[in-house]
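Take a look at the structure set out below.
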Amino acid sequence: MTSEQRHLFNINFGFDYGTTVGIGYGYKFNTKLPIVLNTEFSVPFGEKIVDDLKSKIGGQIEILNINEFSTTLKAYGVFRRYENKFTRLFNIGSEFAIVSGYYKPKWYVAGELSFDKAITTHVKPSDLTRTYFPEAIDGWFIPSGGNFSYGIQTGYSFGTNEINLKGGKVIEEDFKSDSFVPFYLSLGYTKRI
């Protein structure tokens, strides 16, 4: 990425607690340490497009760069919504990640470790649920759950474009249990302007 290419637009398709499609935008600041602020929005495939969604806003900063090796820290605020015929869940959380790898001008390979924590979740049972379980309660619940994920990613650049692929394993924060969906996979495209 050159100093003039400050805007990053991306689209991705993957598997993250379901089959999803997402879009994102990032802005790279002209600072001594490379800093990118970005936002992402994704929805799963299904009958109702926005009954479930995930959005993130935050940034990343490169903390180490030695020759072709680089390490980046990422931090995001996460907002999720999930709804089915029994309940609606809305949660606010955070995600922290470290990405470290080998970067060449046209390609890279890196490892990633992240922690995604749902800090608080609002639960609203549906009328159907209340019909069969009148004692169902709604409201905010603290704390909610969290997941660690670890995996690898790679990408190839051509001109102002990049294709990337990442995948890995997801485990619950107790380090003993697999997540409901124990892996993630994503194929993405980024355009730099």
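Can Y82 be described as over 19 Å from V181 (Cβ atoms) and not hydrophobic (A, V, I, L, M, F, W, C)? When the stated conditions are applied, Y82 does not pass them. Based on what the data block shows, is V36 of a type in the set (V, I, T), part of a strand (DSSP E or B) and modelled with pLDDT of 95 or more? For V36, the condition - of a type in the set (V, I, T), part of a strand (DSSP E or B) and modelled with pLDDT of 95 or more - is met.
Each residue in the range 72-91 was checked for being at pLDDT 95 or above and either within 13 Å of the chain's Cα centre (by Cα) or crowded, with 17+ Cβ neighbours inside 10 Å (or both), and 7 of them qualify. Scan the range 169-193 and report the pairs whose first residue is in contact (Cβ under 8 Å) with a residue 12 or more places away in the chain and closer than 30 Å to G159 by Cβ and whose second residue is open to solvent by less than 80 Å² (accessible area, probe 1.4 Å) and of a type in the set (D, E, K, R), with Cβ atoms within less than 6 Å and a gap of 6+ or a chain change. Going by the 6 Å Cβ cut-off, the qualifying pairs are Y184/D16; S186/K166; T190/E162.
Can Y108 be described as out of contact with any Leu (no Cβ under 7 Å at 6 or more places or on another chain), assigned to a strand (DSSP E or B), open to solvent by 60 Å² or more (accessible area, probe 1.4 Å) and more than 20 Å from D178 (Cα to Cα)? Here the answer is no, as Y108 does not meet what is asked.
Remark: I63 falls outside the filter, which requires a residue to be open to solvent by 60 Å² or more (accessible area, probe 1.4 Å), in contact with an Asp or Glu (Cβ under 8 Å, 6 or more places away or on another chain), part of a strand (DSSP E or B) and modelled with pLDDT of 95 or more. A single member of L165, L185 is under 15 Å from Y17 (Cα atoms) and either exposed (fewer than 15 other Cβ atoms within 10 Å of the Cβ) or touching a strand residue (DSSP E or B) at 6+ places or on another chain (Cβ under 6 Å) (or both), and it is L185.
Go through the range 4-26 and report how many residues are assigned to a strand (DSSP E or B) and either more than 18 Å from G159 (Cα to Cα) or open to solvent by less than 60 Å² (accessible area, probe 1.4 Å) (or both).
Our first condition is that a residue be assigned to a strand (DSSP E or B); within the range 4-26, this holds for 7-15, 19-26.
Subset that is either more than 18 Å from G159 (Cα to Cα) or open to solvent by less than 60 Å² (accessible area, probe 1.4 Å) (or both): 8, 10, 12-15, 19-26.
Number satisfying all stated conditions: 14.
For the range 118-153, the candidate set comprises residues that are among the hydrophobic types (A, V, I, L, M, F, W, C) and assigned to a strand (DSSP E or B); within that set, the residue that is nearest to E172 (Cα to Cα) is F148. The number of residues in the range 127-144 that are surrounded by 15 or more Cβ atoms within 10 Å (Cβ to Cβ) and either of a type in the set (G, A, S) or closer than 19 Å to G77 by Cα (or both) comes to 2.
The values are calculated or read from the model by the stated rules, or taken from the named source; none is laboratory data. Predicted model only: the values in this text are computed from it and were never measured. Glycine also receives a Cβ, built like all others from the backbone with ideal geometry; neighbour counts cover every protein chain displayed. Quick note on the areas: whole protein, heavy atoms, side chains included, nothing else; ligands and nucleic acids left out. Shrake-Rupley method; radii C 1.70, N 1.55, O 1.52, S 1.80 Å.
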